[in-house]
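Encoded as structure tokens, the structure appears first; notes follow it.
The values are calculated or read from the model by the stated rules, or taken from the named source; none is laboratory data. Keep in mind that this is a model prediction, so the values were computed, not measured. In this analysis, Cβ positions are derived from the backbone assuming ideal geometry, glycine residues included, and neighbour counts consider all displayed protein chains. Note: areas computed on protein heavy atoms with side chains; ligands, DNA, RNA excluded. Shrake-Rupley method; radii C 1.70, N 1.55, O 1.52, S 1.80 Å.
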Number of protein chains: 2
Amino acid sequence: MIEPRMATMLSFLLTDAAVEKDALQECLAGAADKSFNRITVDGDRSTNDTVLFLANGAYGGLPLSAAHPDWPQFVGAVEMLTHDLALKIVRDGEGATKVVTIRVRGARTDAEADAAARAVGNSLLVKTSWAGTEPNWGRVMDALGYSTARVEQDRVDISYDGLPAARNGCAADTPIDDLRGVLTRRDFCLDIDLHMGNGTANVYACDCTEEYIRINM
Amino acid sequence: MIEPRMATMLSFLLTDAAVEKDALQECLAGAADKSFNRITVDGDRSTNDTVLFLANGAYGGLPLSAAHPDWPQFVGAVEMLTHDLALKIVRDGEGATKVVTIRVRGARTDAEADAAARAVGNSLLVKTSWAGTEPNWGRVMDALGYSTARVEQDRVDISYDGLPAARNGCAADTPIDDLRGVLTRRDFCLDIDLHMGNGTANVYACDCTEEYIRINM
């Protein structure tokens, strides 16, 4: 470790199932991509994040692999587990009080959807607006605009837990207090539709509070 | 404006000099590139940053252009002015108490030096370490590592106002309290040498304090 005070993530998964080595690796890589690699607390990637998956085969039986009829069930269980662990990391984020699932759809590609979601999830202005229970969709729009995703302002829809905040790039008529009500929740979704294509991505983020600064000073 | 509470920059420069239109535009673009476009408070690019330069020609004489003997002096004066204005924006940054000049050299290209400097200048962990007067070079190294610049850890030198914090990617023997002394200053330089080539870039950044969060909540 370069700097022990730096945030790190060490994740160890264990199963008694017998799983073929390559299949286990592929399963883990896919599950990590949908979970650990989709969270952000402060945008500072750590130097030594690690996920290890150990299968000892104690359960016996034919080793699991893509050819095994139980494989989809096994993969599904692993994905559920890693998703749960990943969200716990966000909830435990330094000073975090809210977990926000950012769901971008309608981007030109999945990669652009990912870029858009990460820009929003790493924007200090967006994260402080969540801390302040302010559904400031202008800040969301701003982050989308400077992301590398192709965005046309007058096509963008933004909503919080299903309540429209912006439609076609303009304020929706949802009463502001209704939107604020969503932002008081411990968990909520920010849905963004760019209406540019079929690309989608989820990112799991949190608010940024004064406590974050105190902890990291 | 999409959201009036969002940070914006409107800069108006006026001169009585007579300056040819294209020359003035080129001079301003070059000066803005070295000043306004090199500052970061929180990494959130604004939606309506503007720099206007008006030359009324009241001073008379042959209009200035690249062909005029006084041109280099004029350009130098404009660059000094825009640099000064840009640093004032950083010093006035929401909750900022320190202005940090990040000077990266030894990158493979200027573009990589720029990417490295911006990664450091936008890292919340680096910015909170400045707020806490902690010369945490590990966080600087971490930001360099996740930047798009090519970095080899054991070549990196990091110093604060000339005092080595890291040499070849390892802690230098400067006493920690001497480094902390630098970080108590209102202005200091963070010098980073990647030893990978000849690319250079400067970025002007500030610390991130609890006040930033309070203002933006």
Can you give the accessible area of residue B:129, probe radius 1.4 Å, in Å² rounded to 10? 0 Å²
In degrees, nearest ten, helix A:137-146 long axis to first principal axis of chain A (Cα): 70 degrees
Please check the range B:129-171 for residues whose accessible area, probe 1.4 Å, is lower by 50 Å² or more when all protein chains are in place than in their chain alone. B:139, B:142, B:146
Provide the packing ranking of B:44-56, B:77-89, i.e. peptides ordered by the mean count of other C-beta atoms within 10 Å per residue, highest first. B:77-89, B:44-56
As a check on your grasp of the helix formula, calculate [θ] at 222 nm for chain B: sum -39500 (n - 2.57) over DSSP H runs of n ≥ 4, divide by the residue count, round to the nearest 500. -11500 deg cm²/dmol
Springs between alpha-carbon atoms under 10 Å, Gaussian network over chain A: tell me which of A:183, A:28, A:194 tops the mean-square fluctuations. A:28
Please name whichever of A:194, A:144, A:14 sits farthest to the positive end of the charge dipole of chain A, dipole taken about the Cα centre and charges placed at Cβ: Lys and Arg +1, Asp and Glu -1. A:144
For chains A and B related by rotation, which residue of A has the Cβ nearest the axis, and what is the rounded distance in Å? A:210, 2
Please report, for residue A:59, the nm distances (one decimal) from its label point, 7 Å out from Cα along the beta-carbon direction, to the equivalent points in the remaining copies, shortest first. 8.0
Rounded to the nearest 10 Å², what accessible area does residue A:170 show when all protein chains are kept and the probe is 1.4 Å? 80 Å²
What are the lysines whose alpha-carbon lies under 23 Å from the alpha-carbon of residue A:21, with same-chain residues fewer than 8 places away excluded? A:34
Ascending list, in nanometres, of distances separating the residue A:172 label from those of the other copies (7 Å, Cα toward Cβ): 5.4
Shielding by partners, peptide A:72-80 (average Cβ within 10 angstrom, other chains): 0
Working from Cα positions, state the angle (0 to 90°, nearest 10) between the long axis of helix B:21-34 and the longest principal axis of chain B. 10 degrees
Scan around residue A:64 for amide H atoms under 5 Å from its own, H built in the peptide plane at 1.01 Å from N, and keep only partners 5 or more places away or cross-chain. A:18, A:19, A:20
Shortest first and in nm with one decimal, please list how far the residue A:111 label point sits from its counterparts in the other copies (point 7 Å along Cα→Cβ). 1.4
So, how do all the Cα-to-Cα distances of the range A:28-156 break down into 10 Å bins, in percent, from 0 on up? 11, 34, 29, 17, 8, 2
In Å², rounded to a whole number, the accessible area per residue of chain A with probe 1.4 Å is 47 Å²
